[in-house]
1. Identify, please: which residue in segment 31-72 is acidic (D, E) and either out of contact with any Ser or Thr (no Cβ under 7 Å at 6 or more places or on another chain) or in contact (Cβ under 8 Å) with a residue 60 or more places away in the chain (or both) and is, among those, nearest to Q144 (Cα to Cα)?
2. Tally up the residues in segment 41-56 that are closer than 17 Å to N88 by Cα and surrounded by 14 or more Cβ atoms within 10 Å (Cβ to Cβ), please.
3. Can you tell me which residues in segment 24-66 are among the small types (G, A, S) and assigned to a strand (DSSP E or B)?
4. I'd like the full set of residues that are within 13 Å of I143 (Cβ to Cβ), outside any loop (DSSP other than H, G, I, E, B) and among the hydroxyl-bearing types (S, T, Y), limited to segment 69-91.
5. Do you know which residues across segment 115-147 are in contact with a Pro (Cβ under 8 Å, 6 or more places away or on another chain) and modelled with pLDDT of 85 or more?
6. Name the residue that is surrounded by the most Cβ atoms within 10 Å (Cβ to Cβ), counting only residues in segment 57-108 that are touching a helix residue (DSSP H, G or I) at 6+ places or on another chain (Cβ under 8 Å) and not hydrophobic (A, V, I, L, M, F, W, C).
7. May I ask you to say which residue of R126, R98 is farther than 13 Å from I26 by Cβ, touching a Gly at 6+ places or on another chain (Cβ under 8 Å) and basic (K, R)?
8. I'd like to check something: does segment 110-133 contain any residue that is surrounded by 20 or more Cβ atoms within 10 Å (Cβ to Cβ), of a type in the set (A, V, I, L, M), in contact with a helix residue (DSSP H, G or I) (Cβ under 6 Å, 6 or more places away or on another chain) and assigned to a loop (DSSP other than H, G, I, E, B)?
Amino acid sequence: MIKSIIFAVFVTIASTVVCFSADDTIGFVSERKGEASVIRDGQQHAPEVGFKLKINDILNTGQDGAIGVIFNDETVLSIGANSELSVNEYVFNPERSRFSFVVKMVRGTAAYMSGLIAKINPEAARFMTPSGSIGIRGTKMVIQVEEDKSIL
């Protein structure tokens with residue numbers, strides 16, 4: 001009987017580890033308003049609260065749209081109307097001291113509040129815009145990108 005219980009516990013733990021390692025989720029949609037979409041592998045999705053995000057997802061908002069995102073490291077990103085951005089790199093692996101958060105912002109407005117990646121390794125977090133790259137050294141910022149120029 002004891003062997004059966006130990007075996008069942010081992011199988012449960014092993015299957016949980018496999019599920020976590022197979023999941024490439026980097027965060028989730030915490031809020032959605034108006035016209036908003038996520039493009040993944042060329043397919044457009046209408047994200048609801050809880051929609052899981054993956055690397056290279058493109059987040060788009062329309063004239064009345066907004067999307068709120070919470071990443072695995074507790075980074076918070078709010079995307080305003082008429083915006084487009086993608087998360088090109090996301091690594092949060094404290095066990096191996098590997099961290100990276102790189103967002104490519106094409107247009108629009110975003111408010112950022114740093115999570116553990118920027119707090120543990122500030123050089124690992126940055127925003128790329130059409131006219132340059134912004135390294136994140138603080139905990140909060142708002143960025144606006146309009147037609148090939150960046151305004152902080």
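1. So, considering only residues that are acidic (D, E) and either out of contact with any Ser or Thr (no Cβ under 7 Å at 6 or more places or on another chain) or in contact (Cβ under 8 Å) with a residue 60 or more places away in the chain (or both), the one nearest to Q144 (Cα to Cα) is D64.
2. 5
3. Across segment 24-66, the qualifying residues are G27, S30, A36, S37, A66.
4. S78
5. Correct list: L116, I120, V145.
6. T75
7. Sole residue among the options that is farther than 13 Å from I26 by Cβ, touching a Gly at 6+ places or on another chain (Cβ under 8 Å) and basic (K, R): R126.
8. Within segment 110-133, none of the residues are surrounded by 20 or more Cβ atoms within 10 Å (Cβ to Cβ), of a type in the set (A, V, I, L, M), in contact with a helix residue (DSSP H, G or I) (Cβ under 6 Å, 6 or more places away or on another chain) and assigned to a loop (DSSP other than H, G, I, E, B).
The values are calculated or read from the model by the stated rules, or taken from the named source; none is laboratory data. Quick caveat, the model's predicted, so the values are computed rather than measured. Note that each Cβ is placed from the backbone with ideal geometry, even for glycine, and that neighbours are counted across all protein chains shown.
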